[in-house]
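One structure is given here, and the rest of the page talks about it.
The values are calculated or read from the model by the stated rules, or taken from the named source; none is laboratory data. For clarity, every value in this text was computed on a predicted model and none was experimentally measured. Using ideal geometry, Cβ is built from the backbone for each residue, glycine included, and neighbour counts are taken over all protein chains shown.
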Amino acid sequence: MAKSEIPKAYDATNYEDGIYAAWEASGLFNPDNLPGDRPEAFSIVLPPPNVTGTLHMGHAVMLAIEDIMVRFARMRGKKALWIPGTDHAAIATSTKVENILFKTEGKTRHDVGREDFLRRVEKFAQDSHDTIVNQAKKMGASLDWSREAYTLDAKRNHAVNVAFKRMYDDGLIYRGHRVINWDPVGQTTISDIEIVYKEVEATLYTFRYAKDFPIAISTTRPETKVGDTAVAVHPDDERYAAFIGKTFENIPFAGTTISIKVVADKEVDPTFGTGALGVTPAHSLIDADIAARHGLAMKQVIGADGRMTVDAGTLVAGQTTKEARGSVAAWLREQGLIEREEKTMQNLATAERSGGTVEPIPMLQWFMAVRKEFERNGKTVTMCSMMRDAVESGKTKIVPERSEKTFFQWADNLRDWNISRQLWYGHRVPVWYRNDETFVGIEAPEGDGWTQDPDTLDTWFSAGMWTFTTLGWPEKTADLATYHPTSILETGYDILFFWVVRMMLMTTYLMDEVPFKLVYLHGLVRDEQGRKMSKSLDNIINPLDMIAKYGADATRLSLVIGSTPGNDSKLSEEKVAGYRNFTNKLWNISRFILSSVDDNHVPPPDRQEGTGVVVASTLADRWILSRLDAVVASVTRKLEANELSAAGEELRDFTWNDFADWYLEIAKVQKGSEVERDEGSKGTDAILMTVLETLMKLWHPFMPFVTEQIWSSFKGTTLMVEAWPTVAGNCDESVERDFDLVRDVTTAIRTIRSERRVEPKAEITASLGVADRRELLVDQASVISQLARLSSLSFDGALPDAGIPIVNVQVASILVSVETPGTTVDPEKEKARLEAERDQLDAYVASTDAKLANAEFASKAPEKVVAGMRAKRDEAKAKLDAILTQLSS
RNA sequence: GGGCGCAUAGCUCAGUUGGUUAGAGCGUCACAUUGACAUUGUGAAGGUCGGAGGUUCGAAUCCUCCUGCGCCCACCA
């Protein structure tokens with residue numbers, strides 16, 4: 001191949017879109033179309049991005065990691081399936097469209113009505129979906145688009161209804177009047193995880209309900225106190241022991257009448273405030289729990305509109321909570337009931353999406369009973385216990401392992417899950433009412449007069465069923481049988497509790513199996529200073545910008561290499577640029593090889609063995625093939641263990657430091673050198689091609705585009721479905737050790753020359769401290785010619801005198817400097833250098849000797865360690881001797 | 001308040017069951033470079049592995065305490 005055909009630098013933008021289109025057209029993302037017999041399945045479901053936005057770094061890192069896993073599995077001959085999809089993200093999408101509607105037309109969703117509003121949301125979701133799908137393709141994600149799903153499409157809706165009905169029939173979904181988190185702005189219930197706490201200043205009032213009431217209490221929310229039904233104190237609190245169990249009836253309080261029972265509850269902190277807690281069962285989740293324990297009455301004083309109810313009494317009825325707070329505080333002051341007013345900091349619960357202040361209020365809602373006992377496989381279990389058991393038994397593993405602890409905490413503390421939302425966008429609760437009748441079904445009931453429940457389901461309800469609804473559940477599909485449980489769930493650790501917990505919960509119950517065998521949690525991508533990327537900080541690095549500038553391959557590497565599961569990573573544009581450089585390096589390695597090898601390259605007879613395995617002749621040949629084998633084995637093992645970063649790092653080191661910097665340089669010499677035997681460069685060419693092809697395969701999961709481009713340019717086939725390389729049996733540790741010596745000699749000579757400690761002369765005397773000299777003679781010649789070339793010394797091809805006793809490489813370099821005629825060494829400088837080295841070696845040898853002399857060490861340390869230390873010590877001793885000789889002369 | 005984690009070279013981080021003189025990338029400095037690549041090459045400097053104890057023949061690695069950060073949950077009535 002002529003060099004001119006290959007551009008000097010790799011410009012990713014010229015190739016990536018075309019390559020992706022070709023992959024897509026090939027149909028090979030769909031495992032049904034993969035060649036060969038593939039008994040083993042591998043499956044991942046893509047954590048569905050919300051249809052609210054565009055691709056961000058979180059998506060990019062997720063796509064990069066999962067694509068590596070899937071491509072690796074595919075090349076290893078597995079039936080590899082990666083299912084794409086998007087999430088309707090009910091509350092997020094709905095809020096976004098409501099905001100747009102209000103901004104552009106000044107209307108609310110109620111102004112346009114349910115039907116019209118839903119049309120608008122669907123239009124928005126569709127546009128957003130198309131954007132994000134195209135962006136995923138830019139990353140090179142090998143997703144099977146033929147199986148794409150949406151959490152709110154017809155199939156998934158059917159599945160949701162089936163699940164709802166089954167859980168309702170089993171008594172695990174129920175409707176109840178309970179205290180929930182109400183968002184008065186969004187006009188919907190929200191879950192605990194959708195609450196964000198803001199620190200605000202508040203006034204803490206300490207007061208009594210009445211002058212003659214024996215206990216003072218503290219609150220930051222006096223307006224809710226009209227709904228109090230009890231005062232709780234700690235059971236051991238002697239101050240209040242006398243009052244426990246007493247009820248104070250009909251206390252006139254802020255325009256209403258209240259009755260307060262004194263109860264003992266160990267949840268009360270006796271050291272906080274007065275040590276007594278005014279219990280407002282309807283407007284605090286904690287108080288509701290206390291009320292339930294003591295059978296207290298619940299009195300709702302705040303309505304869904306955020307205003308005080310009629311029950312709140314004449315003083316505050318109709319007022320907003322804020323107005324009422326002032327009213328009640330003023331009333332308390334007038335009555336002289338306040339003992340203290342102090343400023344305090346308070347965590348205010350606000351709704352993540354709408355920003356509204358969350359009010360706990362009692363409402364009729366749908367719940368999932370996660371702690372309700374039932375029989376399953378002959379055992380009494382709960383949804384929580386099933387989920388916990390799945391991880392405890394190892395059916396599902398979580399990496400990093402420490403996350404399992406956090407998971408258990410969730411499993412142990414989960415409350416009943418409020419699944420209904422007063423939103424329009426989402427899965428409508430499949431329940432219909434007529435007079436006093438309730439119908440729960442997959443389809444609407446027959447007959448007239450039925451009204452469907454207006455609420456929709458929490459978005460995590462359908463998301464919790466994602467691994468199996470994407471595979472066709474509730475139908476008994478072939479996909480379901482083949483690909484479930486899925487192999488890996490890969491997602492950010494920040495979503496473990498939102499999503500992973502819900503999936504475990506619903507899947508263990510509905511499928512009686514785990515949703516995935518492994519949870520792999522990646523960290524957050526932060527900016528180079530370690531800050532979260534955010535609009536307000538203006539520090540967002542857009543993955544699409546990086547792809548446009550440096551290519552998808554470089555972007556992927558920068559996200560994967562150097563980051564470990566569960567840990568956050570920092571990203572800077574320089575890092576991406578660094579990997580762009582590597583992409584270009586790989587390109588130029590290929591460019592050199594493809595343009596310099598003889599098209600008729602064949603391994604000469606003595607380099608062939610069995611079925612086309614290349615057997616190297618020279619030390620360098622054997623070294624690179626040995627290294628290649630080691631790298632194939634190690635990278636394969638690391639990828640199997642999902643150590644993506646370590647695998648990538650090792651590959652980069654081999655590619656750049658071993659193959660490009662050393663073997664390629666030597667290959668140039670070998671190809672043109674007189675010392676090359678028989679078939680000349682053709683054998684070297686064969687090795688170059690072997691390494692190149694293997695490297696392309698190894699790199700492909702990480703850098704699919706550039707490797708595919710290079711591969712197809714000389715192979716004409718699709719790299720994506722090539723078989724993963726296997727170890728060829730060329731591993732030879734002694735060869736690697738010998739080559740390391742050569743490398744040291746070469747380096748030493750270069751150093752000597754660059755420090756001008758010798759003048760270039762016409763001959764070199766160097767030798768190698770290796771075991772079998774004969775075997776190495778030919779290799780030495782090539783090595784030394786390489787040394788000569790690199791150090792600009794001429795070399796006549798003569799072999800070195802085998803009689804020179806050289807102990808080790810370091811000595812070899814010294815001999816060169818001293819024995820070569822024309823030495824211009826600065827004696828002082830050289831002496832200082834040698835002395836420093838002597839001291840260092842001296843200390844090392846002494847300490848190692850001491851260790852080896854220790855009887856306990858000798859008896860307890862493994863033989864391998866002792867032998868290794870001894871060998872290294874001997875090497876150092878020899879070096880030391882040579883230096884001492886030098887210094888004395 | 002409960003839980004989890006981090007601290008290793010100037011910066012970003014590896015370090016897989018405790019074991020041979022602690023590694024990489026970037027950055028810095030020096031030198032080199034006209035055919036694969038300046039998106040380059042070679043080398044150097046740079047670390048008492050946060051501190052103090054302990055276990056052990058042996059600790060960056062295990063235990064205890066301390067210091068400084070970070071995160072999650074609960075929640076301040």
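List of remarks:
- Conditions (1) at negative phi; (2) surrounded by 23 or more Cβ atoms within 10 Å (Cβ to Cβ): number failed by A:A577: (2)
- Identity of the residue in segment A:264-293, among the charged types (D, E, K, R) and more than 8 Å from RNA strand B (Cβ to nearest atom), that ends up surrounded by the most Cβ atoms within 10 Å (Cβ to Cβ): A:D265
- A:W711 being at pLDDT 90 or above, crowded, with 18+ Cβ neighbours inside 10 Å and away from RNA strand B (no atom under 15 Å from the Cβ): yes
One line per residue, one yes/no per condition, for (1) touching a His at 6+ places or on another chain (Cβ under 7 Å); (2) more than 9 Å from RNA strand B (Cβ to nearest atom); (3) modelled with pLDDT of 90 or more:
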| residue | (1), (2), (3) |
| --- | --- |
| A:S558 | no, yes, yes |
| A:N581 | no, no, yes |
| A:W587 | no, no, yes |
| A:I593 | no, no, yes |
| A:H601 | no, yes, no |
| A:Q608 | no, yes, no |
| A:A616 | no, yes, no |
| A:I624 | no, yes, no |
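- Top-ranked residue of segment A:176-202 - restricted to ones that are among the β-branched types (V, I, T), outside any helix (DSSP H, G or I) and within 18 Å of A:S284 (Cα to Cα), ranked as farthest from RNA strand B (Cβ to nearest atom): A:T188
- Residue check, A:F72 in contact (Cβ under 8 Å) with a residue 12 or more places away in the chain, away from RNA strand B (no atom under 16 Å from the Cβ) and part of a strand (DSSP E or B): no
- Residue selected from segment A:647-663 under the condition closer than 16 Å to A:R556 by Cβ and hydrophobic (A, V, I, L, M, F, W, C), by the criterion farthest from RNA strand B (Cβ to nearest atom): A:L651
- Qualifying residues in segment A:821-852 (those that are at pLDDT 80 or above and basic (K, R)) - the one nearest to A:K879 (Cα to Cα): A:R838
- Summed over segment A:75-94, the residues that are crowded, with 24+ Cβ neighbours inside 10 Å and assigned to a helix (DSSP H, G or I) give a count of 4.
- Single unsatisfied condition, A:L544 versus (1) out of contact with any helix residue (DSSP H, G or I) (no Cβ under 9 Å at 6 or more places or on another chain); (2) closer than 29 Å to A:T707 by Cα; (3) more than 14 Å from RNA strand B (Cβ to nearest atom): (1)
- Counting residues in segment A:188-208 that are buried (at least 23 other Cβ atoms within 10 Å of the Cβ) and either small (G, A, S) or modelled with pLDDT of 95 or more (or both) gives zero.
- Just one residue in the set A:A349, A:A329 is out of contact with any His (no Cβ under 6 Å at 6 or more places or on another chain), over 28 Å from A:I190 (Cα atoms) and in contact (Cβ under 8 Å) with a residue 24 or more places away in the chain; that residue is A:A329.
- Segment A:867-879 - residue that is modelled with pLDDT of 80 or more and more than 8 Å from RNA strand B (Cβ to nearest atom) and, of those, farthest from A:A843 (Cα to Cα): A:D874
- Matching option when the condition is modelled with pLDDT of 90 or more, within 15 Å of RNA strand B (Cβ to nearest atom) and farther than 30 Å from A:D458 by Cα, among A:T224, A:T247, A:T220: A:T220
- Qualifying position, being under 22 Å from the mean Cα position of the chain (by Cα), touching a residue at least 60 places away in the same chain (Cβ under 8 Å) and in a helix (DSSP H, G or I), among A:A136, A:A125: A:A136
- Lone unmet requirement of (1) farther than 30 Å from A:K79 by Cα; (2) at pLDDT 95 or above; (3) buried (at least 21 other Cβ atoms within 10 Å of the Cβ) for A:A159: (1)
- Matching residues, segment A:526-562, being within 13 Å of A:G58 (Cα to Cα) and in contact (Cβ under 8 Å) with a residue 60 or more places away in the chain: A:M533, A:I540, A:I541, A:N542, A:P543, A:L544, A:T555, A:R556, A:L559, A:V560
- Condition check for A:K261: within 18 Å of A:W182 (Cβ to Cβ), charged (D, E, K, R) and more than 13 Å from RNA strand B (Cβ to nearest atom): no
- When A:F117, A:F102 are checked against the criterion of being aromatic (F, W, Y) and surrounded by fewer than 20 Cβ atoms within 10 Å (Cβ to Cβ), A:F102 stands alone in meeting it.
- Per-region count, segment A:453-498, residues assigned to a helix (DSSP H, G or I), under 27 Å from A:F439 (Cα atoms), modelled with pLDDT of 95 or more and among the β-branched types (V, I, T): 1
- Residue check, A:L741 modelled with pLDDT under 90 and either under 30 Å from A:K872 (Cα atoms) or surrounded by fewer than 22 Cβ atoms within 10 Å (Cβ to Cβ) (or both): yes
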